[in-house]
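The values are calculated or read from the model by the stated rules, or taken from the named source; none is laboratory data. What you see is a predicted model, and the numbers here were worked out from it, not measured in a lab. Cβ coordinates were reconstructed from backbone atoms using ideal geometry, including for glycine residues, and neighbour counts include every protein chain displayed.
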Amino acid sequence: MPIFILFAVTFCLISTISVAQSPSEMVDSLKKEVQKHPAQDSLQVNRLLTIADGLAYTDLDEAMQYANQAAELAEKLQLYGGQAGAQRQKAVIYMNKGDYLNAIDACHRALQLSDKLFERIKDDKGQSLFNATIYNALGAIYLDIEQLDKAIDNFSKLVTIAHRLNEPREEAVGLGNIGEAYTRKGAYRKAIAYFDKAVTIAQKSNDYLVLAFVLGNKGVALNFLEKYTSALPVFEESIKNADQVNDVRFKTISIAGLAQCYFHFNQYDLSEKYAKSAYELAKPMGLIQQQRDAAKVLSMIYEKQNKSMPALSYFKESVTLNDSLISKAKQLELTRRDMKFEQEQREIILNAEIKQKQTERNAVLGIGAILLVAVAVSAFFYKSKRDADLATLIAFQKQQEAEYQARFAEYQALVLEIENKVLRAQMNPHFIFNALNSISSYITKNDSENANEYLAKFAELMRLVLENSDEKLVLLNEDLKALRLYMELETLRLPGKFSFEITVDKNIDSDELLFPPLILQPLVENSIWHGIANKEGTGKIKIVISKEGEKMYCAVEDNGIGRKKAASLRSPVQLGRKSMGIELTKKRIAIYDNTQNPENTISYTDLEEGTRAEIKLPLTLQF
């Protein structure tokens, strides 16, 4: 658990608030002041931000409403400080919501606004302190999602600023958080070195909260190294400091650590005492890891004492809690993958726009240069040898025109490639969105065994999709592997509803033939959802890939209810909508096949039972 302190840096006047007020009373008091206060000024911005901060751990939606109001008012008043503070507050709220991508974006916007503010008021120390709070927030976000190198990088920036400005508490916090990041990386000795630096700084100012945090985490690292004798006094010191400030979080971590130490000393009575205490303290605070560790120790103690019933009970509890941690880890992995994917798509679209603008600018400059040269040459020859050199001038202009045509052809090819990338960038989120819906409907049944199998297949499918997302063409066998995984997921979600068969012509070498990624998936999806889902009994989907001259023929055939009946089951609103997947697929095929009529790229045949969708693509080999 990182320690996350946004130390005070404000840019607008702070209203006087009674220290005796509880957080909820303070928020209620400020809400009344906001309603009574008619003027829109910096004081109002600060009230709104203080309310948002007070709600940031209790009511996230309401907290975001106040943060947004503060941001809008600060922008209207052109208060860069208020805008920066609002973005920082939104980052904290997003982080508490688990929306890490928006939290990171808010942090970066806060840094940009900080530059604008301090360019105006010239306060290097103020800017450094504010930026340090943002680096602390970014470090906490990256630590939460296990991007540990990025977390260490941001905490290191915090430490550098705090040391330069002689801010010991913030320096100790940064060092302690770096230590926790190294603990999570398994670099326990390196982590302990950072914890020791933090302890030295915090002891000088008797900062009990930071000492409780740092010493507790140092004890955890020592336990990982099985140095229980060294860990014992460290945990005890952490508990003493936590009691000084009535902090239960870090006290619970240290109590759980003591339980492990005494178990390894075979002092089961003391171990049981601390394990029960940690278990009861961790439960209401949602400290799942400490609750799991305490339950595990209690199970082992009772097993040693031949108390089978409580041993089994706590063992089951530890397994349940461990499953919860594993589930959280899987969700974090999906979050990290989703963030990586979104960032890659943003980069693709941004790079596409940049390249297109550069190409258009170069084309305009090239045309202008050609025209200038042509005019200059024409004027020169007109004055000197107008009649004699006319033929030479015409030849020169033709040469320039040919060069321009060649450059324009390159520009068109580049635009097509950019267009293709953007279409694939749109295609992948559409595909993943549908797959995630399938997973959600399955997991809600609380069947953990099948849910884990489903998630494993989905993770493999995600890996293939992400690996191929930047590729214009992939090997046929790689794309069929992804398609087969998708269909296996759907058969798991719809047990007994359909089977499938993929046939590749023996004259096609799937390890040599190149294929546009995910080009067949929307056709298969249509067969499942519109052809098979509403069919009584078991359906079947056949996928056939063969060679026809210089073309590759691909067909997706199902024995479902057919297009006419499927259309009759759709609502008028649904009938008015076009399938996003099919429309994108048509455009991709049109670009790939250099055609200008995407309507002709997919053909449908109504069968006696079901539908066959067909596409033809140019035959492209790897070598």
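Can you work out which of the residues in the stretch 117-166 that are in a loop (DSSP other than H, G, I, E, B) and over 30 Å from residue 78 (Cα atoms) is nearest to the chain's Cα centre (by Cα)? If we take residues in the stretch 117-166 being in a loop (DSSP other than H, G, I, E, B) and over 30 Å from residue 78 (Cα atoms), then 145 is nearest to the chain's Cα centre (by Cα).
This table checks each residue for (1) surrounded by 15 or more Cβ atoms within 10 Å (Cβ to Cβ); (2) over 21 Å from residue 304 (Cβ atoms).
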{"residue": "234", "(1), (2)": "yes, yes"}
{"residue": "243", "(1), (2)": "no, yes"}
{"residue": "253", "(1), (2)": "yes, yes"}
{"residue": "260", "(1), (2)": "yes, no"}
{"residue": "272", "(1), (2)": "yes, no"}
{"residue": "275", "(1), (2)": "yes, no"}
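Within the span defined as the stretch 519-539, every residue fails to be under 20 Å from residue 504 (Cβ atoms) and among the charged types (D, E, K, R). Among the residues here, residue 246 does not qualify as over 35 Å from the mean Cα position of the chain (by Cα), without any contact (Cβ under 8 Å) to a residue 12 or more places away in the chain and within 22 Å of residue 129 (Cα to Cα).
Residue 184 fulfils the conditions (1) in a loop (DSSP other than H, G, I, E, B); (2) touching a residue at least 12 places away in the same chain (Cβ under 8 Å) except for a single criterion, (1). Residue count for the stretch 552-581 under the criterion of being at pLDDT 65 or above and loosely packed, with under 13 Cβ neighbours inside 10 Å: the result is 5.
The set of residues from the stretch 455-477 being at pLDDT 75 or above and over 30 Å from residue 506 (Cβ atoms) comprises 455, 456, 458, 459, 462.
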